[in-house]
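*Asks:* I'd like to ask you about the structure that follows.
Values in this text are rule-based calculations from the coordinates and carry no lab data. These numbers come from a predicted model, not from an experiment. So basically every Cβ, Gly included, is an ideal-geometry build from the backbone, and we count neighbours across all protein chains shown.
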Amino acid sequence: MPQAVRHYILLALFSLVSANPAFSGPDSPWPMFHHDPRHTGLSEYVGSKTGTLSWCFKTRDEVNSSPAIARDGTVYFGSLDGNVYAVGRDGKLKWSYAIDDKVYSSLALGSDGSIYVCSWGGKVVSLDPQGNLRWKRQVRGRITSSPTISRATGAKGDVFYVGSDDYRLYAITGAGRINWGFNTRKYIGSSPAIGPDGTIYFGSNDAFLYAVNPDGELKWRFNAHGAISSSPAVSEDGATIYVGSGDGALYAIGNDGSARWNFKTRRWIDSSPAVGPDGGVYFGMNDGELYALTAEGALRWKYRTRGTITSSPAVDREGNVYIGSWDKSLYAVDSEGVLRWTLPTQGPIRSSPAIGEDGTIYFGSADGGLYAVGD
């Protein structure tokens, strides 16, 4: 297929996604964990070709949070030092806000530019784009799950969903009201994904993937035979949900709860799958491998790093994959599984990369830095 035609088709697909009410959000290149409510990890932009370090912004503790990028290029992220940071595309601090609690999860940006952040101690905080507090709530249990924002059909304003160690998935309005909590049997570290029809999909350490309606009613649950800390991803047509499990399998599940296929690996899967521009599925493994599968579950290729992978892959418009490893390096691998470049840091990388409008790759490291990698 000619590159120009392929580019047009991809832009048309992104336009369709943006038009869907369940995908209402800010006009930004990366507004939440894994890019969009379906958690595809797929950017409409092309990432850095050379892997040149542009800058590194240092905090006082590990940055495991994955960055969100506003329409003006501001990068928002949390640190285990208890702060939320807003950094300009030049690497300079705009502002910081003290949560006074460790921030493991990624931030999310609302349709009005509001910033939503959840902390280890169960704090749920909303800030305005200037870093001023809008509201603060407290839920029971620690939070490592990242909030996912949607505007479900018929809803007034944003609604976001986040899991907690108190075994519940919460639905919280943009004004800070808790609409409902859905109970599972164990804690929830998985970040929810949202299908085109508004269905919320998330995993729990009770080994089930849950499908819940926007009103909090259970549609179905699927037994993955192992604790689920991986966050699900939903295919472009909403027909298939992909998720990794503690039993070492990557599952493809129909939107009716039926098993489609599973791909067996040798270790627990913490990394959340991404869906590429061709519908292929990418994910990292605790054995250090980055896997690429077809939409039908066949292995295309795998690339070995030198450490455990819990980072979730970001995929650009051309199918290039970006992922961090506990070997302290970020990897860029092309659509055929060939290494393009690596960038070393001083600590393990658990943060998942985000891709900016100009192709800059942003990610955090356990060395306390937020890195910007460009050309």
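*Asks:* At 1.567 mPa s and 4 °C, plugging the Kirkwood radius over alpha-carbon pairs of segment 218-289 into Stokes-Einstein gives what diffusion coefficient in µm²/s?
*Replies:* Working: Rh = 12.2 Å.
Diffusion coefficient, whole number: 106 µm²/s.
*Asks:* In Å and whole numbers, how far do the C-alpha atoms of segment 185-318 stretch along each principal axis, longest first?
*Replies:* Here the spans come out as 43, 31, 22 Å, largest first.
*Asks:* Can you work out the Karplus-derived ³J(HN,Hα) for every residue in segment 343-348? Use 6.51 cos²θ - 1.76 cosθ + 1.60 with θ = phi - 60°, whole Hz, and x for glycine or proline.
*Replies:* Working through the residues one at a time gives 10, x, 10, 9, x, x Hz.
*Asks:* Want the number for Trp341 to Arg60: 0.36 nm per residue separation, take away the alpha-carbon distance, what's left? Please list the in-between numbers first.
*Replies:* Details: separation 281, 0.36 × 281 = 101.16 nm, distance 2.78 nm.
Stretched fully, the Trp341-Arg60 segment lengthens by 98.4 nm.
*Asks:* How much length, in nm to one decimal, is gained on full extension between Lys264 and Arg300, taken as 0.36 nm per residue of separation minus their Cα-Cα distance?
*Replies:* Working: separation 36, 0.36 × 36 = 12.96 nm, distance 1.40 nm.
Gain in length upon complete extension: 11.6 nm.
*Asks:* If you don't mind, there's one more thing I want to ask. With charges set only on the Cβ (+1 for Lys and Arg, -1 for Asp and Glu), what does the dipole of the chain come to about its Cα centre, in debye to the nearest 20? Walk me through the numbers on the way to the answer.
*Replies:* Values: 36 positive and 37 negative charges, 150 e Å.
For this selection, approximately 720 debye.
*Asks:* What list of ³J(HN,Hα) values in whole Hz, one per residue of segment 197-205 in order, does the Karplus curve 6.51 cos²θ - 1.76 cosθ + 1.60 (θ = phi - 60°) give from phi, with Gly and Pro shown as x?
*Replies:* Values per residue, Gly and Pro as x: 8, x, 5, 9, 10, 7, x, 9, 6 Hz.
*Asks:* Let me ask something additional. Could you list which residues have their amide H under 5 Å from that of Asp287, counting only those 5 or more apart in sequence or on another chain, with H placed in the peptide plane?
*Replies:* For Asp287, the qualifying residues are Ile309.
*Asks:* Convert each backbone phi in segment 184-192 into a coupling constant with the Karplus relation 6.51 cos²θ - 1.76 cosθ + 1.60 (shift: θ = phi - 60°), then list the ³J(HN,Hα) values in order as whole Hz, x for Gly and Pro.
*Replies:* 3J(HN,Hα) across segment 184-192, in whole Hz: 10, 9, 8, 6, 10, x, 5, 8, x.
*Asks:* Using only the Cα atoms of segment 238-375, what do you get for the radius of gyration and for Dmax, in Å?
*Replies:* According to the Cα coordinates of segment 238-375, Rg and Dmax are 14.5, 45 Å.
*Asks:* Tell me which residues come under 5 Å, amide H to amide H, from Trp55 once H is placed; ignore anything under 5 positions away on its chain.
*Replies:* Ala372
*Asks:* For a quick size check, give me the Cα extents of the chain along its three principal axes, largest first, whole Å.
*Replies:* The principal-axis extents, from largest down, are 48, 47, 38 Å.
*Asks:* Take Lys136 and Leu53, extend 7 Å from each Cα along the Cα→Cβ direction, and tell me the distance between the two endpoints in nm.
*Replies:* 3.5
*Asks:* What are the residues whose amide H is under 5 Å from the amide H of Trp95, where those residues sit 5 or more places off or on another chain and H is modelled from the backbone?
*Replies:* Under 5 Å from the amide H of Trp95: Ala86.
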